[in-house]
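Asks: To start, I am sharing the structure in question, which I have written as structure tokens.
The values are calculated or read from the model by the stated rules, or taken from the named source; none is laboratory data. Worth saying up front: this structure is predicted, and the values here are computed from it rather than measured. Heads up, the Cβs are rebuilt from the backbone with ideal geometry, glycines too, and the neighbour counts pull from every protein chain shown.
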2 protein chains.
Amino acid sequence: MRDVAVIGASMTQFGQREEWIQELLAQAGIACLRDGNVGPEAVEHLYVSNMASGEFEGQTGAPNALAHDLGVMPAFTERVDQTSSSGGAGIYTAWQSIASEASDVTLLVGGEKMTHRSTPETTDVIASVTHPVEYKHGVTLPSFAGLTARLYLDTYDAPRESLAAVAVKNHRNGVDNPHAQFQKEVDKETVLDSPIVADPLRLYDFCPITDGSSALLFCPLEDAPEYTDRYASIAGIGGATDTHVVHERSDPTTMGGVVESGQQAYEMSGYYPEDIDVAELHDMFTILEFLQCEGLGFFEPGRAWEAAQNGETARDGRLPVNTSGGLKSKGHPLGASGVAQAYEIYKQLIDDAGPRQVEADVGLACNVGGFGNCVTTAIMEAER
Amino acid sequence: MRDVAVIGASMTQFGQREEWIQELLAQAGIACLRDGNVGPEAVEHLYVSNMASGEFEGQTGAPNALAHDLGVMPAFTERVDQTSSSGGAGIYTAWQSIASEASDVTLLVGGEKMTHRSTPETTDVIASVTHPVEYKHGVTLPSFAGLTARLYLDTYDAPRESLAAVAVKNHRNGVDNPHAQFQKEVDKETVLDSPIVADPLRLYDFCPITDGSSALLFCPLEDAPEYTDRYASIAGIGGATDTHVVHERSDPTTMGGVVESGQQAYEMSGYYPEDIDVAELHDMFTILEFLQCEGLGFFEPGRAWEAAQNGETARDGRLPVNTSGGLKSKGHPLGASGVAQAYEIYKQLIDDAGPRQVEADVGLACNVGGFGNCVTTAIMEAER
């Protein structure tokens, strides 16, 4: 198994964009090749992380169109879909392509165009990942989040304010991210007074609907210095599933896919929770940041809420979480989100995170699909 | 890079099915695990080749649902989409998962459910792979096929009857395939008198719209004997793209992706066109069988039509092509087709092809997406 490096990264502005999916993917792809000092002719594999360009735009075959637009033909290409965690699955697949020696240069571009559709249309496409039986009863992802948040607060005697602390922190981080959809702070009162969506969760507990694209460039670690001195390595990676039917889980506050994919990544890397210096977690709903903090072993079960309230996960805390602003303020263009998480970790590890910079030698990105149905976790290491 | 074996295969009945996509995938998945003597707990990666369950059925997240149904959790899973060649891309990805040492047992299940939608709806989803500019002018895949067939016949002074010979041959082969959608012969006159679709191509030059699923099971070659004595190896594999805009190609009778992916597979395997004993080619339109026969070097450019007329590609010919009946008579459930091609080659190489059996030590499967936009070619070898 060859060691794998990330040698370039890019992301477009996240938010409400006029461009359609092909243009967003092309913008990120071109910027990423430029960032890695790699010409299109060198690209052997091109992966596109995208959940639903067919449903959202009536456009299929996006990878081929992108290969054409970027001039990377005859590179092998395919679309990788793992719903909300398509980006993480794309990283897993791109990593495999280098590790297996099938490719010497792999470009991954994740993207989604969603805001042109109405919110009901968009959420209905997303809800189609749930089990038909649960879907039929109206238990979509926000409902699961509300039910789980209630259970978590009750089980661990945690205050509602602790969830708001996640939103406040991630919005604060987003202020310093020029690519973020929302670059403005929110205070606790705003979160707590926002309209209820799925009790106890309110509007500001949810990430927005977003258009955007993000890209990463991979090569064998030993080849990386040929291209750039700004590279990091994939130290460990894991991917795992949990039940499709959420109500079959014995403890909904434990996400099995998070635990399992994290363990795989820890074992492969030789790094463990105490070694992680910075993390990007999938805060599609504020409660998910707690579940991942605990599932990945950063905090004991039932303690992540305290850590959020105490500032331990703030940018100047013991373990900065979501320095990018997270999905909460950066936005969540489904196929792009996992890629953009790794973009942030890469930037932190090459000391190019600008005002968001923290001290970090090892970073972790955890990307969650469905309601924890499928999860990928990647651990990246600085190679300064 | 680890050598990779196929240790099991399955396919459902192809045709018009009542079951929805999840059930079809589960049927093939269960049968494949049984065929390879592998319990679900051993599966580390599960790939689902599927183009458009969201568009056809409003169902996303099929891989997760399948992981649940098969009991393979916490296996890593993702959907692989490369339009019509999603199955071939799935083989490529599954191969990478074993070659990279990321997985020791990988299950690939391809499937599509299409016949419940009207023909215009179905063809419109398929046509969404074309470039918007070409699509807007109504140049969908059948149109490209007609234009290319006309060019081929004119360039090589080939008779219209030679295209009909492909349909006649593949229907004859399909008679002996109990999983085929059509298990009946057609004669040349029937093909030539069928309604025109895209001149010079007529109804019987086209594959049908089909529901179905097919699966393959992979492990490291060195582990294969632990599971079964019915295994074959992946000797070589290649994947490549051509222009998204078809009219930019200098010679539409040469499919660049076929040529390039074939060369990759030949180079990796050390086998060359003269070594191939049996081939499954992507005969979505009869003309495509000629283009692949020539692009893969089985016959000189402009000679494949003679080979078809002379019976050289018949089951008792020099190089049997589409012993399964091909997409033409077996059917073409998009995500399943590439997997089902490899199913046939595997069955031939383990001497389990029943009345379709030919003498073969080395077989090739070529799966084409779009109008040659993306192509994967796999060469498999008997390990008797």
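Asks: Mind checking whether some residue in region A:185-192 is within 27 Å of A:T115 (Cβ to Cβ) and out of contact with any Phe, Trp or Tyr (no Cβ under 9 Å at 6 or more places or on another chain)?
Replies: Among the residues of region A:185-192, at least one is within 27 Å of A:T115 (Cβ to Cβ) and out of contact with any Phe, Trp or Tyr (no Cβ under 9 Å at 6 or more places or on another chain), which makes the answer yes.
Asks: Can you find, within region B:144-159, the residue that is modelled with the lowest pLDDT among those that are out of contact with any strand residue (DSSP E or B) (no Cβ under 8 Å at 6 or more places or on another chain) and either polar (S, T, N, Q) or buried (at least 17 other Cβ atoms within 10 Å of the Cβ) (or both)?
Replies: Per the criteria, the residue is B:F144.
Asks: Let me ask something else about it. Test B:L141 against the criterion of being at pLDDT below 95 and more than 8 Å from chain A (Cβ to nearest Cβ), and give yes or no.
Replies: So B:L141 passes the test.
Asks: Could you say which residue among B:G239, B:G270, B:G262, B:G257 is at pLDDT 95 or above, touching a His at 6+ places or on another chain (Cβ under 9 Å) and small (G, A, S)?
Replies: Selected residue: B:G239, the only one of B:G239, B:G270, B:G262, B:G257 that is at pLDDT 95 or above, touching a His at 6+ places or on another chain (Cβ under 9 Å) and small (G, A, S).
Asks: Considering B:A52, B:A62, which residue is facing chain A (nearest Cβ under 10 Å), closer than 26 Å to A:P63 by Cα and in contact (Cβ under 8 Å) with a residue 60 or more places away in the chain?
Replies: B:A52
Asks: Hey, can you tell me all the residues within region B:85-119 that are touching a Pro at 6+ places or on another chain (Cβ under 7 Å), under 15 Å from B:L334 (Cβ atoms) and not hydrophobic (A, V, I, L, M, F, W, C)?
Replies: Within region B:85-119, B:G111, B:E112 meet the criteria.
Asks: Can you find a residue in region B:344-354 that is modelled with pLDDT of 95 or more, crowded, with 24+ Cβ neighbours inside 10 Å and under 29 Å from B:L203 (Cα atoms)?
Replies: yes
Asks: If a residue must be surrounded by fewer than 22 Cβ atoms within 10 Å (Cβ to Cβ) and not charged (D, E, K, R), how many such residues does region A:199-235 contain?
Replies: Summing the residues that are surrounded by fewer than 22 Cβ atoms within 10 Å (Cβ to Cβ) and not charged (D, E, K, R) in region A:199-235 gives 10.
Asks: Next question. Scan B:G311, B:G297 and give me the residue that is surrounded by fewer than 20 Cβ atoms within 10 Å (Cβ to Cβ) and either acidic (D, E) or farther than 30 Å from B:P178 by Cβ (or both).
Replies: Only one candidate passes the filter, namely B:G297.
Asks: Now, a different point. With the requirement that a residue be surrounded by fewer than 16 Cβ atoms within 10 Å (Cβ to Cβ) and among the charged types (D, E, K, R), what does region B:161-198 give you?
Replies: Across region B:161-198, the qualifying residues are B:E161, B:K184, B:E185, B:D187, B:K188, B:E189, B:D193.
Asks: Kindly state which strands (runs of 3 or more DSSP E) lie completely within region B:166-279 and contain at least 2 residues that are within 14 Å of chain A (Cβ to nearest Cβ) and more than 18 Å from the chain's Cα centre (by Cα).
Replies: Fully inside region B:166-279 and qualifying: nothing.
Asks: May I pose another question? Applying the selection to region A:35-59, what residues are under 20 Å from A:G369 (Cβ atoms) and of a type in the set (S, T, N, Q)?
Replies: A:S49, A:N50, A:S53
Asks: Within region B:335-362, work out how many residues are in a loop (DSSP other than H, G, I, E, B), more than 19 Å from B:I7 (Cβ to Cβ) and not acidic (D, E). Break it down into steps so the answer makes sense when it comes.
Replies: Within region B:335-362, the first condition is being in a loop (DSSP other than H, G, I, E, B), and the residues that meet it are B:350-353, B:357-361.
Retained after the next criterion (residues that are more than 19 Å from B:I7 (Cβ to Cβ)): B:357-359.
Cutting the leftovers down to not acidic (D, E) gives us B:357-358.
Of the residues in region B:335-362, 2 are in a loop (DSSP other than H, G, I, E, B), more than 19 Å from B:I7 (Cβ to Cβ) and not acidic (D, E).
Asks: Listed residues B:L46, B:L70; which is surrounded by fewer than 24 Cβ atoms within 10 Å (Cβ to Cβ), hydrophobic (A, V, I, L, M, F, W, C) and touching a Leu at 6+ places or on another chain (Cβ under 9 Å)?
Replies: One residue alone meets the criteria, B:L70.
Asks: Among what's in region A:120-138 and is within 12 Å of chain B (Cβ to nearest Cβ) and farther than 21 Å from A:S85 by Cβ, pick the residue that is nearest to the chain's Cα centre (by Cα). Explain how you work it out, then say what you get.
Replies: First, the residues of region A:120-138 that are within 12 Å of chain B (Cβ to nearest Cβ): A:121, A:124-135.
The next check asks that each one be farther than 21 Å from A:S85 by Cβ; those that pass are A:121, A:133.
Numbers: A:E121: 23, A:V133: 28 Å.
Per the stated criteria, the residue is A:E121.
Asks: Take B:E18 and tell me if it is in a helix (DSSP H, G or I), among the acidic types (D, E) and more than 12 Å from chain A (Cβ to nearest Cβ).
Replies: It is false that B:E18 is in a helix (DSSP H, G or I), among the acidic types (D, E) and more than 12 Å from chain A (Cβ to nearest Cβ).
Asks: For region B:58-85, give me each residue that is touching a His at 6+ places or on another chain (Cβ under 8 Å) and within 16 Å of A:D81 (Cβ to Cβ).
Replies: B:G61, B:N64, B:A65, B:A67, B:F76, B:T77, B:S85
Asks: Can you tell me which residue in region A:67-90 is nearest to A:M284 (Cα to Cα), limited to those that are within 7 Å of chain B (Cβ to nearest Cβ) and among the charged types (D, E, K, R)?
Replies: Restricting to residues being within 7 Å of chain B (Cβ to nearest Cβ) and among the charged types (D, E, K, R), the top hit is A:D81.
Asks: Quick one: B:K347 ticks every box in (1) out of contact with any strand residue (DSSP E or B) (no Cβ under 8 Å at 6 or more places or on another chain); (2) basic (K, R); (3) more than 16 Å from B:N367 (Cβ to Cβ); (4) in contact (Cβ under 8 Å) with a residue 12 or more places away in the chain bar one, so which box is it?
Replies: Every listed condition holds for B:K347 apart from (1).
Asks: Here's another thing I want to ask about it. Looking at A:E289, A:E306, A:E312, which one is more than 14 Å from chain B (Cβ to nearest Cβ) and without any contact (Cβ under 8 Å) to a residue 40 or more places away in the chain? Step through it out loud before you land on a result.
Replies: Details: A:E289 fails: without any contact (Cβ under 8 Å) to a residue 40 or more places away in the chain; A:E306 fails: without any contact (Cβ under 8 Å) to a residue 40 or more places away in the chain.
Result: A:E312 is the single residue among A:E289, A:E306, A:E312 that is more than 14 Å from chain B (Cβ to nearest Cβ) and without any contact (Cβ under 8 Å) to a residue 40 or more places away in the chain.
Asks: I would also like to ask the following. Taking the options A:I30, A:I21, name whichever one is touching a residue at least 60 places away in the same chain (Cβ under 8 Å), of a type in the set (A, V, I, L, M, F, W, C) and farther than 23 Å from B:G238 by Cα. Explain how you work it out, then say what you get.
Replies: On the way: A:I30 fails: touching a residue at least 60 places away in the same chain (Cβ under 8 Å).
Exactly one residue qualifies, and that residue is A:I21.
Asks: A further question follows. Are any of the residues in region A:42-57 part of a helix (DSSP H, G or I) and out of contact with any helix residue (DSSP H, G or I) (no Cβ under 7 Å at 6 or more places or on another chain)?
Replies: Within region A:42-57 (the criterion being part of a helix (DSSP H, G or I) and out of contact with any helix residue (DSSP H, G or I) (no Cβ under 7 Å at 6 or more places or on another chain)), the answer is yes, since at least one residue qualifies.
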